[in-house]
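Note sheet for the following structure.
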């Protein structure tokens, strides 16, 4: 998700000021994507430049509020209607690291150690995410984000098990753990 589209989605619920957008964005993502206020205002400036939001005056405390425009709603509708392609996601550093460890196994890289180190980190992350889900107060949006991260961590654990099994079958005996 881009910050741009996240802010448009929040503004589709009504005009908001910058700090309010930051707080709601973080709450909606389960605080897994922290924003600094500078990112919010830079993004709002670009959205305004592109005609997707318009300044909506000031609230009762004098804070500048922004509102989504018709062009912004059309952009948001396009974004929601477009599936996220696998190629649009960032590269998976972990799979690249494991592949490089396997490729470098003859050069003294202990693949089992690389996998074990990642497994321990993933287990800690899974524990932390589960705890965050138990104490979450952000509502359905936060819960769904945390569920997604938990499912990804569980899938990563299964993938690491698979990597370990394949590495144990294929690597020379002296490189097995």
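No value in this document is a laboratory result; all are computed from the given coordinates. Computed from a prediction, not measured in an experiment: that's the story for all the values here.
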Here the gain from full extension of residue 143 to residue 99, 0.36 nm per residue of separation minus their alpha-carbon distance, amounts to 12.6 nm
Mean projected area, convex hull of alpha-carbon positions in segment 3-87, reported to one decimal in nm², is 6.0 nm²
Candidates 29, 122, 42; GNM for the chain (alpha-carbon contacts under 10 Å) flags as most fluctuating 42
Dividing the helical contributions, -39500 (n - 2.57) per DSSP H run of n ≥ 4, by the residues of the chain yields a 222 nm value, nearest 500 deg cm²/dmol, of -21000 deg cm²/dmol
Taking Cα atoms, the helix 70-81 axis meets the longest principal axis of the chain at an angle in degrees (rounded to 10) of 20 degrees
Rounded to the nearest whole number, the per residue volume of the convex hull around the C-alpha atoms of the chain in Å³ is 146 Å³
